[in-house]
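I have placed the structure first, in the form of structure tokens, so that the comments after it can refer back to it.
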Amino acid sequence: VQLQASGGGLVQAGGSLRLSCAASGLTFSRFTMGWFRQTPGKEREFVAAIRASGGTTVYSDSVKGRFTISRDNAMVYLQMNSLKSEDAAVYYCARRRFGCVGYACYRQNDYDYWGQGTQVTVSS
């Protein structure tokens, strides 16, 4: 049972990357999915979440307007545009045990499965 995040890499500031998250051994089509990120020495932070229907999304203020979370039956995506140096981090996808609205989506304890992370590096 695992979530596999991919798509990270090195990009110049202002550039774009698209992260993907695939699930094996577990069902996520009926679950809210989220993206988080972590930099060394800092706590992991919420980035975005999308409900099972795909119609409702939540973003942290730091990425709102630049990042877009989306999903299909098999994958969850994070399109990252206008990347900044402060976006550099290891990005994790996670499955949430139940739905959420607004800031409730930020609670990490409500996510039960986590991917291994993919590194995003932004050069200035």
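The values are calculated or read from the model by the stated rules, or taken from the named source; none is laboratory data. The model shown is predicted, which means the values in this text are computed figures rather than measured ones. Heads up, the Cβs are rebuilt from the backbone with ideal geometry, glycines too, and the neighbour counts pull from every protein chain shown. Accessible surface is based on the protein model in full, side chains and every heavy atom, while ligands, DNA and RNA are left aside. Shrake-Rupley method; radii C 1.70, N 1.55, O 1.52, S 1.80 Å.
Below, the figures for the structure above:
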{"read-out": "Residue among Arg51, Arg96, Arg37, Arg66 that alone is touching a residue at least 12 places away in the same chain (Cβ under 8 Å), out of contact with any helix residue (DSSP H, G or I) (no Cβ under 7 Å at 6 or more places or on another chain), among the basic types (Lys, Arg) and open to solvent by less than 20 Å² (accessible area, probe 1.4 Å)", "value": "Arg37"}
{"read-out": "Residue satisfying all of: in segment 57-80; small (Gly, Ala, Ser) and in a loop (DSSP other than H, G, I, E, B); nearest to the chain's Cα centre (by Cα) among these", "value": "Ser60"}
{"read-out": "Residue that is farthest from Tyr113 (Cα to Cα), among those in segment 21-48 that are β-branched (Val, Ile, Thr) and more than 11 Å from the chain's Cα centre (by Cα)", "value": "Thr39"}
{"read-out": "Set Leu83, Leu19: member being open to solvent by less than 30 Å² (accessible area, probe 1.4 Å) and not in a loop (DSSP other than H, G, I, E, B)", "value": "Leu19"}
{"read-out": "Any chance Arg30 is in a loop (DSSP other than H, G, I, E, B) and either among the charged types (D, E, K, R) or buried (at least 19 other Cβ atoms within 10 Å of the Cβ) (or both)", "value": "yes"}
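For every residue, the table says whether it meets (1) in contact with a Pro (Cβ under 8 Å, 6 or more places away or on another chain); (2) of a type in the set (A, V, I, L, M); (3) modelled with pLDDT under 95; (4) farther than 18 Å from Asp112 by Cβ.
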site: Val1; (1), (2), (3), (4): no, yes, yes, no
site: Leu19; (1), (2), (3), (4): no, yes, no, yes
site: Ala52; (1), (2), (3), (4): no, yes, yes, no
site: Ser60; (1), (2), (3), (4): no, no, no, yes
site: Asp72; (1), (2), (3), (4): no, no, yes, yes
site: Met80; (1), (2), (3), (4): no, yes, no, yes
site: Ala94; (1), (2), (3), (4): no, yes, no, no
